[in-house]
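**Student:** To start, I am sharing the structure in question, which I have written as structure tokens.
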Amino acid sequence: MNINFLDRPIAFHRPFVAITGSVTAALFLSQALYWAKRCKVHDDGSAWFYKTQADWEEETGLTRYEQEGARKTLRNLEVLKEKRVGLPAQLYFCIDLVALEAVMNACDFLQPSMRKTSKQARGKPAISTAGNPLSITEITTETTTEIQDPPLVPQGEMLPESESTRRGTRLPNHWGLPAEWGRWAMQEIGLPKERVLMEAATFADYWQALPGAKAVKLDWEKTWRNWVRRAASSFRTAAQRKPLANLRAAQQAAQALRESGRGGYDDDTPL
């Protein structure tokens, strides 16, 4: 069978399905990340690249409506940034790597079978790039052979149950910000108290309203820390642009929370 008509395949990062909830969005993000890593960084610190709708369809096979749905999902996650430049306007894209890492950490998507391994399959020598006109960075596919660790117990035997086995939980509806968590956000991350209180209420609303398995976490304290780190990044960016307006907005939001009684936060909360 002659398969020379096949074009070069593209990479697809399976964990992106877990954070987007969509195969099309995961495919779009995988290809966008591929190009973002190969573009120069601009003055704003971002690697912008330009692509038309036809370009995306040619590379990924996604239709116009699939592209628009994927872009909306990624914008809502704040991992995809877009801007129009010039006349006629051209649409540029950028992947926020910091936001992407924060979303992935908050999702706890990395399963044991997905973790990297340094073991090499026996009898298979390392791949050599000698004589290959394409550099290793241009090859966007990975081997499809799965390397599995040997079982820890003989096949057919049951692993003993451990008391340390943990199951994820949802954030309780009566959840309130622990004082220790609040002090960590202020002392280690540097957020003002008003912003910490506002983020705590937003954190609770988001995770309590989120349906399904995505709202189940093994460690809520670590989830809170990842949330705060991401919030601190956006807070500093806004503070550099309009520091006084940003502080007033945080103070007003915190005051509204106190007056509404949401979560029991007030001036005496021991942060």
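**Student:** What part of the accessible area of the stretch 40-84, given as a whole %, is carbon or sulfur when the probe is 1.4 angstrom?
**Tutor:** Carbon-and-sulfur percentage of accessible area, whole number: 42.
**Student:** Here's another thing I want to ask about it. Just to be sure I understand: if I project the alpha-carbon convex hull of the stretch 185-230 onto a plane and average over all orientations, what area do I get in nm²?
**Tutor:** 3.2 nm²
**Student:** Further, regarding this structure: Just flag the trypsin sites (Lys or Arg not before Pro) in the stretch 25-81 sitting in loop per DSSP whose Cβ has no more than 14 other Cβ atoms within 10 Å.
**Tutor:** Answer by residue number: 37, 38, 40.
**Student:** Okay, next question. Tell me the accessible surface of residue 234 in square angstrom (1.4 angstrom probe, heavy atoms of protein chains only), to the nearest ten.
**Tutor:** Probe radius 1.4 Å; accessible area of residue 234 about 60 Å².
**Student:** Would you mind checking 51/72; 40/193; 40/222; 72/193; 40/81 for any pair whose Cα atoms are more than 27 angstrom apart?
**Tutor:** Beyond 27 Å between Cα atoms: 40/193; 40/222; 72/193.
**Student:** Separation of the stretch 171-210 and the stretch 50-72 by C-alpha centroid, Å?
**Tutor:** Going from one Cα centre to the other spans 37 Å.
**Student:** Residue 98 to residue 215: FRET efficiency via 1/(1 + (r/R0)^6), r the Cβ-Cβ distance, R0 30 Å, to the nearest 0.05?
**Tutor:** 0.85
The values are calculated or read from the model by the stated rules, or taken from the named source; none is laboratory data. As the structure is a computational prediction, the values presented were derived from the model and not from experiment. Please note: Cβ atoms are built from the backbone with ideal geometry, for glycine as well, and neighbour counts cover all protein chains shown. Only protein heavy atoms, including side chains, enter the accessible area calculation; ligands, DNA and RNA are left aside. Shrake-Rupley method; radii C 1.70, N 1.55, O 1.52, S 1.80 Å.
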